[in-house]
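Rule-based calculations on the coordinates, nothing more; no lab input. No experiment lies behind these values; they were computed from the predicted model shown. Don't worry about glycine lacking a Cβ; one is built from the backbone with ideal geometry, like all the others, and counts go over all protein chains shown.
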There are 4 protein chains.
Amino acid sequence: MVQKKVGVLGATGSVGQKFILLLSEHPDFELYKLGASSRSAGKKFADAVKWRQTATIPAKAQPLVVVECVASEFKDCDVVFSGLDSDVAGDVEKAFAEAGLVVISNAKNYRQDPQVPLVVPLVNTAHLDMVIERQAAATAAGKPKPGYIVCISNCSTAGLVVPLAALQASFGPLDSVFVTTMQAISGAGFSPGVAGFDILDNVIPYISGEEDKLETETQKILGSYQDGAFALQSDIRVSAQCNRVAVSDGHLACVSLKFVRQPAPSLDEVKACLAAFECEPQQLGCFSAPKHTMYVLEEPDRPQPRLDRSRDDGYAVSVGRVRPDNILDYKFVVLAHNTIIGAAGSGVLIAETLLAKGAL
Amino acid sequence: MVQKKVGVLGATGSVGQKFILLLSEHPDFELYKLGASSRSAGKKFADAVKWRQTATIPAKAQPLVVVECVASEFKDCDVVFSGLDSDVAGDVEKAFAEAGLVVISNAKNYRQDPQVPLVVPLVNTAHLDMVIERQAAATAAGKPKPGYIVCISNCSTAGLVVPLAALQASFGPLDSVFVTTMQAISGAGFSPGVAGFDILDNVIPYISGEEDKLETETQKILGSYQDGAFALQSDIRVSAQCNRVAVSDGHLACVSLKFVRQPAPSLDEVKACLAAFECEPQQLGCFSAPKHTMYVLEEPDRPQPRLDRSRDDGYAVSVGRVRPDNILDYKFVVLAHNTIIGAAGSGVLIAETLLAKGAL
Amino acid sequence: MVQKKVGVLGATGSVGQKFILLLSEHPDFELYKLGASSRSAGKKFADAVKWRQTATIPAKAQPLVVVECVASEFKDCDVVFSGLDSDVAGDVEKAFAEAGLVVISNAKNYRQDPQVPLVVPLVNTAHLDMVIERQAAATAAGKPKPGYIVCISNCSTAGLVVPLAALQASFGPLDSVFVTTMQAISGAGFSPGVAGFDILDNVIPYISGEEDKLETETQKILGSYQDGAFALQSDIRVSAQCNRVAVSDGHLACVSLKFVRQPAPSLDEVKACLAAFECEPQQLGCFSAPKHTMYVLEEPDRPQPRLDRSRDDGYAVSVGRVRPDNILDYKFVVLAHNTIIGAAGSGVLIAETLLAKGAL
Amino acid sequence: MVQKKVGVLGATGSVGQKFILLLSEHPDFELYKLGASSRSAGKKFADAVKWRQTATIPAKAQPLVVVECVASEFKDCDVVFSGLDSDVAGDVEKAFAEAGLVVISNAKNYRQDPQVPLVVPLVNTAHLDMVIERQAAATAAGKPKPGYIVCISNCSTAGLVVPLAALQASFGPLDSVFVTTMQAISGAGFSPGVAGFDILDNVIPYISGEEDKLETETQKILGSYQDGAFALQSDIRVSAQCNRVAVSDGHLACVSLKFVRQPAPSLDEVKACLAAFECEPQQLGCFSAPKHTMYVLEEPDRPQPRLDRSRDDGYAVSVGRVRPDNILDYKFVVLAHNTIIGAAGSGVLIAETLLAKGAL
């Protein structure tokens, strides 16, 4: 198969670097264009970037000359991944989409846009139908394929919604969900991110905007797509408390939840449902799809970020300590790798899904 | 005033060391006897201990010769603080009490004993009346004063119950409380405690027995003492999830709660109530009593363990981010210094309260 | 005694905050003026600062209105402490000195200036004679007292030179010194300082400019002042390797050294010399002077940053593991609190010394 | 090729777990026998072990039934890897060798034994000739192949000797070497290893016995094997200072050194020599041999443990900051993955080398 040409916006940033790592040896994609600020444009990537990944700079990325983030530079790309900061992502991504490009964005700007799918690929790839249908309609009308944006969810939301979606698919809607997160510092990016002096021997019980994202993005992701529009699952109530902890990668969350249906399913049913859940990219045979969407761990003290974040290369979610809750129905702990399934990897898996569905 | 003679059991352990630090320069107490295992007995304390505190070994403790934990050695002590591990505390503390000694214990063994007060000194010093009344009855009957045990609560419970008690005192009973803790490693003691390899770049979402303690101890501490017996507040439902994080000292907890009374008090009323709460040791002028029982912080990202754990020398509790909860009534973050108000300092403050009430 | 009026430049930064903490309850000094950038000027300090100290903002500092760092605003100050960054310190401090003010600066700009004393107050307060003599000369000539700058040394140099100075005072000059540092992240300041993602589970074997400072500042500090000029101790060779480690406060250094005099003094002589060393501020009875200039620890695994950095409130230096070296003469480990004796506290102790010598 | 059967002693410990990880998917070796204490014997490995690796327990190891560490149980093994603690390794390994088994040991017991090769496979595989010659002699004499022990070096020594060996191979003997290490906590094992409370926000400037190992093992490893005996390189003087830092994996060392030959080689010659160094396992095409024995990094702040420890899966050593030293000739920083090339991986590479030389 001919590889699709891909571009990365914000290539020197933390999310951009991760995109490059995941795409540089990818069988379906050819790393083709790297975009960054005008400060970096014109330099070879290896010279422009302050590389901070544990793997070395991929050989394919090193010689690429960084360009500015303008659509004309990326016109040959089949898909463009955006790791841009939200202060510039809004204008740039819109311009790219209007120029007919497919943009998969990690920025928050368009996540609540009713015309933009907000996709966690382990959960709601069905939402991609909106853009697939539009492309089909344009093709049928003899028009050029329209550009569009697909949003990757917030990193902490990505982990939470996977067990929620699985449970709802089997047992009907949830009524309420408490979630307290303990989030890794890589989620805050590099420049400057979380200061070492602030997080050493400490927990910061606040992440700006994060609790709101968990509450609102969950309703969109778990909502349905029908007749050209997204319907929020507005009756699921989510209450979030978010904390930053001294962990490099891997967002952990303590969750308590209640089903609408009463009596609730049994503990064994709940565990079996979580373990059996299979996401669409798995079914489609996507390259990066996890072997298991969710690992249900029985050890009393798991999942742990350092030990479990890299299951299935960070594309799987781990759930543990599933047990009855004495106020709601059940409680458990969920772990997701925030820079893989919670960010760049999610974008790659969305692209693979689009490709598998013939939409790239 | 003549200082009361005090002893410390388990003097070489983590809780014992903290007792010694707090008692060595105390105006009311004279560090008089140090007890430890037979391995240490007979040695000078400075030679017996592997000291791990940031302050140096108090001059008064250094030359004391460690004795075994038998009541006869401590017969001249007015009060004995026990930092013994639970595997030996049961028998030793019982023997001490039967020998007529007053034991203030950090061990879990007798916390649920209906004849033993379980006291968080910022909350329920009224429970000390049980032992004070018994002493008075014995005196009235011409009998010698009976020995007794007072239990210090679990370290994470100590922080949680302070705001709960304040709110209940003003607004009536609580219906339900969710609490997710992020607990410091000092709470696990020294030998071996939490391994560095296990906690570096990690969170451990499990502390053996801890969630159960939070749920059950809360009901006893918030319960009442009447007619010689403790009545649990059995209708308050507490659901806990406990985590160990890479923090040296200071247990942080994210709390959501609901009042029985509906409509609930206003946000301003809640904050004002927390800030105004005054514990009995404050009113009695106890030496170690905090200036404020609770600090209500308005900064969006506080309290933080490293910055706030030592307010009022670790005897005060800090509460922050008080805000409405979209499922229950309110949510907030609470921080308490686990080795001060959550352990040894709590014991010292209990002793000061007993002294102020004429019961030592 | 009437308190001297003091100002702090760069009051909202990390060093400035520490100055304010140390000065706010100081018996000799009255916190009088706080200077910061124009962004902060005009605001109350409590509103202008992002406070990151473990102690709360001192009550005296909170209501002070921040001013810009111009000399006219500070004309009533008897001494001004500068925590300015080096990119602005050069011009500002020069202007202050030219306006007749006494500036004690933590910036690196004038440390190598032959007209500026570079002082570690545990070591070379004799260098302050240069400015004292000039003042006396001006007074004798009927002129107004001239302003001047005194520089605080680099934070890692401050710890190293104390044992070196002690040994040289007893045993004559040193020939060569190897030093490998493990430095705390507070040494890098707050904005942004060391990123958490860079230092968690890591060591950074490089601190820009630091090794050079250790090598050159040591020669000036250990040099002499005579006849109005500083003479470097240029024949002491220092080879430094500097590392950043995941420690909040406290710079640790492994040192190996060789005396010119051979045979070298005995191990017992070396230890006794270090333990007996007494700095001039101690002899002058300065308020912040340590009780012991150097603690010589005999435990095999000390000093440790967390356990020993706060000896004598961070004004003392700790030395441990003094033992023969099989290439040079001796090796040992030295620890100094980088934000106290290595920065702000050093400045305060310099001011106390000037005051004790009648020069303020 | 038929896989060689291999056994692991101390299989449930930290080194044993790493051996199992490295051997379970190895093309040359079949994981055949797992030995541990009598407490674990008789259980399936998956039930006996407290697994603490980031990768999950290998499928091949899970069902193996753990046996006691007696030679008869391992008689079918072609080679046995020992991760035993030194308190039991002495007797067990001796008994295994006397029973004719080949033991590759991570314990310190026999490292200084003149009849036992002490091998860093990137450096002195020539020392394996001692055991190969003895085998050949036995075979020639018609006797059964004798068993023997090969020792893996201390973890911090392994990193140090690689650049030293490279330099000596090109430029002749070294005169003196200063080394200050910053060692990862995984080097201390699991039970209990380094306590979290001791290492958080701290450095421990002492590792029992470590400095002596660095000084003495270096002389044996860099020494020669001739006429059936090892000759120490006794005239190279090594002075070590060892520290434990809050890093999970990867020992970093700051090194200064002086050549016997003066003038010393140029900086460019030194760098070129390090980068070009090729170990024998590379030349033999061993499966785990690194692509480059040493990576010479030019970035000013590298190598760093988190970013560079896993180069070539942890089998390569990284060197950076090579620069002139103003007392000796050169200084640099060296990093080695302590549990791979510093322990278990070193053992595997020794076995591969023996295999490649026809000695297994």
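Things worth noting here:
- Cα centre as origin, Lys/Arg/Asp/Glu Cβ charges: region D:53-178 dipole, Debye: 240 debye
- For B:Pro63, label point 7 Å along C-beta direction: distances to other copies, nm: 5.0, 7.0, 8.0
- Residue closest to axis [chain C; rotation mapping onto B; Cβ; Å]: C:Asp201, 2
- Pairs of Lys in region A:155-336 closer than 20 Å at Cα, counting only those 8 or more apart or on different chains: 5
- Total formal charge among the other residues, if their Cβ is under 11 angstrom from that of A:Ala356, Lys/Arg +1 and Asp/Glu -1: -2
- Dividing the mean sequence gap of close Cα pairs (under 8 Å, 6+ apart) by how many residues region D:155-336 holds gives a relative contact order of 27 percent.
- Per-residue ellipticity at 222 nm, computed for chain D from helices alone with -39500 (n - 2.57) per DSSP H run of at least four residues, works out to -8000 deg cm²/dmol.
- Ranked by the mean number of other Cβ atoms within 10 Å of their residues, highest first, the peptides C:220-228, B:26-34 fall in the order B:26-34, C:220-228.
- Of all DSSP-defined beta bridges confined to chain D, some 45% are antiparallel rather than parallel.
- Averaged over peptide B:251-257, the number of partner chain Cβ atoms lying within 10 Å of each residue's Cβ comes to 4.
- Using every pair of separate Cα atoms, the Kirkwood estimate puts the hydrodynamic radius of region A:123-267 at 17.3 angstrom.
- Placing a label point 7 Å from the Cα of A:Leu232 along the Cα-to-Cβ direction, the distances to the matching points in the other copies come to 4.1, 6.8, 7.6 nm, shortest first.
- Principal-axis analysis of the Cα atoms of chain B puts helix B:129-140 at an angle of about 40° to the longest axis.
- Over region C:129-245, relative contact order from alpha-carbon pairs under 8 Å, at least 6 apart, %: 34 percent
- For B:Ser38, the point set 7 Å out from Cα toward Cβ sits 2.4, 7.9, 8.2 nm from its twins in the other copies, listed from shortest up.
- Peptide B:204-210 - average C-beta neighbours from other chains (10 Å radius): 5
- Counting Cα-Cα pairs of region D:179-258 in 5 Å increments starting at 0 gives whole-percent bin shares of 3, 14, 21, 20, 14, 11, 9, 5, 2, 1, 0.
- Principal semi-axes of the equivalent ellipsoid, √(5λ) from the alpha carbon gyration tensor of the protein assembly as shown, are 46, 45, 39 Å from largest down.
- The mean number of partner chain beta-carbon atoms within 10 angstrom of a residue's beta-carbon across peptide B:172-185 is 4.
- 20 Å reach of a label modelled at A:Ala141, 7 Å along Cα-to-Cβ, counting backbone N of region A:95-116: A:95-103, A:114-116
- Centroid-to-centroid separation of region B:120-152 and region C:170-196 [C-alpha atoms, Å]: 56 Å
- The reciprocal of the average 1/r between distinct C-alpha atoms defines the Kirkwood hydrodynamic radius, which for chain D equals 20.6 Å.
- DSSP beta bridges in region A:155-336 [antiparallel fraction, %, rounded to 5]: 65 percent
- Sequence-distant aspartates and glutamates (8 or more away, or on other chains) whose Cα lies within less than 16 Å of B:Lys43: B:Glu68, B:Glu73
- Rel. contact order, % - alpha carbon contacts under 8 angstrom, at least six apart, chain B: 17 percent
- A simple spin-label model places pseudo-atoms 7 Å from Cα toward Cβ; at A:Asp113 and B:Thr54 they are separated by 4.9 nm.
- For region B:216-274 versus region B:1-68, the gap between their alpha-carbon centres in whole angstrom: 34 Å
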